[in-house]
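Laboratory data are not the source of any read-out in this text; all were calculated from the coordinates shown. Here the structure is a predicted model, which is why all the values come from computation and not from measurement. Cβ: placed from backbone, ideal geometry, glycine included. Neighbour counts: every protein chain shown.
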Amino acid sequence: MSPEKPFLQVTYRIVRPDQSVILVERHSRAYFDERGKMKRIVGMVVDITEKKRAEVAVLRHAAIVESSDDAIIGVDMNGIVTDWNKGAERVFGYSAKEAMGRNISFLSPADRSEDGLNILKNVISGKAVKQYETVRRRKDGTHIDVSITLSPIVDAEGKVIGASGIGQDITERKKAEEALRKSEERLRMAQWAAHIGTFDLNIRTGVDIWTPETEALYGLPPGGFGGTLTAFENLIHPDDQKRVVELTHEMMRTGQPMEGEWRVVWPDGGVHWIASRGQVFMDESGEPSRMLGVNLDITERKRAEEALSDITRKLVEAQEQERIRIARELHDDISQRLALLAIDLDRVRGNYNDLPSEVRDHMQELQRMTADISSRVYAMSHELHSLTPDPSGLAKSMRGWCRDFGKRQKMEIIFRGHDLPRLSQGISLCLFRILQEALHNSAKHSGVERVEVELAGNSGQIDLIVSDSGKGFDIEAARQGQGLGLTSMQERVRLVGGTIVIDSKPLAGTTIHVSVPFKIDTIKKPTAPG
């Protein structure tokens with residue numbers, strides 16, 4: 001301080017007796033005598049702690065506003081732009097110089113001019129607007145989707161003096177939402193066309209959410225489903241309901257995905273088939289919390305399968321009738337003719353004793369051949385007409401046939417039959433025909449002279465196993481060939497609700513294993529809820 005510079009302003013911190021620190025500003029003036037010597041200093045000290053904090057806050061706020069990627073805009077009571085940050089320049093393309101002083105309506109498309117003004121009126125009246133989505137116009141004339149939040153600006157007395165807004169560019173999000181909407185619409189159309197629906201079951205609350213496509217599979221209008229597991233169970237066919245409920249609980253217990261089929265009864269009384277696949281999801285504690293899955297209408301497929309089964313059944317029946325007809329022809333006609341031929345040959349030999357010895361020997365050979373052919377025709381007739389309607393006679397019939405066939409083919413056939421249940425004629429005939437086909441194939445192709453046959457009842461089903469250690473064959477190549485042996489066996493087994501497994505490899509032998517349940521249940525066991 002000097003006579004030329006008598007004023008001093010300095011800012012510094014002081015420590016108060018309570019150890020708190022405050023920021024002060026000191027204003028001083030020095031007084032000097034005629035010789036320029038300082039006589040006294042007069043001044044004041046002002047606490048500017050809050051002022052400085054406010055200044056720092058303002059600077060921080062300004063920095064945040066300027067660095068934000070969002071458009072931050074301020075307008076006065078007339079809608080004139082008073083503030084325009086860098087984010088607004090990036091979003092709308094106008095510089096601050098170009099935007100400041102203009103009415104905010106310049107951002108509104110022609111068809112939305114009133115929209116922006118009405119919103120501004122509401123904000124100026126003291127109402128805040130949160131996350132309002134609209135369309136605004138950029139400097140280059142293109143439109144942009146934005147989400148706007150508007151708040152009134154008030155002065156120290158609480159009077160509204162303008163409005164501030166934050167605008168977010170949501171163009172990419174809107175595109176993604178539109179793409180998702182179109183994708184979901186395509187999925188829905190595909191599900192509708194393919195008769196597919198989805199479900200989402202909250203296991204804790206029991207709330208079961210179905211899409212409209214799922215409801216349609218059960219004959220319900222949109223919103224017609226009750227939304228609970230019980231409501232779903234009530235739609236199941238009574239004959240399938242218990243098993244579906246049990247397997248639903250088993251699925252929840254194990255958490256394993258399952259697939260299955262069951263029937264549903266529509267409100268109009270119609271019966272439809274549903275195929276389903278479900279997956280249980282566990283929570284963090286390992287408890288089942290949610291089940292998701294899909295349902296598929298397979299009614300047409302089931303009808304086609306039923307029609308195919310009817311055709312196959314009729315073909316098998318026709319085949320059996322044809323076998324009977326041929327067997328009868330062989331027995332009643334061919335066998336009789338052969339017998340007469342043998343008698344005539346014997347009569348000729350007896351009546352013409354003067355025939356040369358070589359002729360008599362030849363006739364004797366013809367007589368022997370005729371007898372052999374007659375025996376073979378009789379065996380073929382018996383084989384073609386081998387019916388086993390007596391449940392207790394299946395093992396006996398099979399054992400006898402194996403013995404006779406083995407003699408003719410010079411093969412050793414080991415037959416074991418035990419624990420047989422009471423079987424229907426259809427099952428008995430099916431198993432008998434499988435045995436015949438299997439042994440004929442073994443005699444023709446295996447190259448061995450020993451075959452093992454086992455017939456046994458086990459746990460509610462009858463099992464027939466025919467095995468040899470012969471040449472074996474390529475199963476796929478055999479199926480693609482012209483022969484009908486494998487196909488015939490598979491269709492016969494399918495008609496009685498059984499399964500057939502053929503295990504064969506070249507030079508590794510062949511095993512045919514047929515399993516048929518005692519009671520034929522045409523309803524497949526369902527294995528998943530919907």
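Per residue, how much space in cubic angstrom lies within the convex hull of the C-alpha atoms of the chain? Write down the numbers at each step before the final one.
Values: hull volume 192.3 nm³, N = 530.
Enclosed volume per residue, from the Cα hull, is 363 Å³.
What share of the DSSP beta bridges in the chain is antiparallel, in percent to the nearest 5?
Values: 94 of 101 bridges.
Looking only at bridges with both residues in the chain, the antiparallel portion is about 95 percent.
Trypsin sites (Lys or Arg not before Pro) within the range 1-99: which are DSSP loop residues with at most 16 other Cβ atoms inside 10 Å?
Working: sites: Arg13, Arg26, Arg29, Arg35, Lys37, Lys39, Arg40, Lys51, Lys52, Arg53, Arg60, Lys86, Arg90, Lys97; in loops: Arg35, Lys37.
Sites meeting the loop and neighbour criteria: Arg35, Lys37.
Could you put Val516, Val42, Val207 in order, starting from the residue whose Cβ has the fewest other Cβ atoms within 10 Å?
Least crowded to most crowded, the residues run Val42, Val207, Val516.
His237's amide H: which non-local residues (gap 5+, or another chain) put their own amide H closer than 5 Å, with H modeled 1.01 Å from N in plane and none for Pro or chain starts?
Long-range HN contacts for His237: Arg263, Val264, Val265.
Greater than 24 Å separation of Cα atoms is the criterion. Which listed pairs, Lys86/Lys130; Lys314/Lys410; Lys130/Lys175, meet it?
Where the Cα-Cα span goes over 24 Å, the pairs concerned are Lys314/Lys410.
Based on other C-beta atoms within 10 Å, arrange Cys402, Cys430 from fewest to most.
With the fewest neighbours first, Cys402, Cys430 line up as Cys402, Cys430.
Can you give the relative contact order of the range 181-291 as a percent, counting alpha carbon pairs under 8 Å and 6+ residues apart?
Dividing the mean separation by the residue count of the range 181-291 yields 21 percent.
In the chain, once you exclude exposed chymotrypsin sites (Phe, Trp or Tyr not before Pro) (DSSP loop, at most 15 other Cβ within 10 angstrom), what's the longest stretch remaining?
The answer is 1-351.
For the chain, the longest stretch holding no GluC sites (Glu not before Pro) located in a DSSP loop with at most 11 other Cβ atoms within 10 Å is which?
By the stated rule (loop sites, at most 11 other Cβ atoms within 10 Å), 285-530.
Would you compute, from DSSP H runs of 4+ residues alone, the mean residue ellipticity of the chain at 222 nm, taking -39500 (n - 2.57) per run and dividing by the full residue count, rounded to the nearest 500? Before the final figure, lay out the partial values.
Details: 15 runs with 220 residues, N = 530.
That comes out to -13500 deg cm²/dmol.
What is the fewest-to-most order of Ser309, Ser428 by other Cβ atoms lying within 10 Å of their Cβ? Present the calculation step by step, with values, prior to reporting the outcome.
On the way: Ser309 14, Ser428 23.
Ordered by Cβ neighbours within 10 Å, fewest first: Ser309, Ser428.
Asp361: net charge of surrounding residues, Cβ under 11 Å, Lys/Arg +1, Asp/Glu -1, itself excluded? If you can, show how the numbers build up before the last one.
Working: positive: Arg349, Arg360, Arg368; negative: Glu358, Glu365.
Taking every other residue near Asp361 into account, the sum is +1.
Hey, what angle do you get for helix 299-329 against the long axis of the chain, alpha-carbon based, 0 to 90 degrees rounded to 10?
10 degrees
Output the 0 to 90 degree angle, nearest 10, between the alpha-carbon long axis of helix 49-67 and the longest principal axis computed from the alpha carbons of the chain.
Value to nearest ten degrees: 40.
Would you work out the relative contact order for the chain, in percent, from Cα pairs under 8 angstrom that are 6 or more residues apart?
Worked out over the chain, it gives 8 percent.
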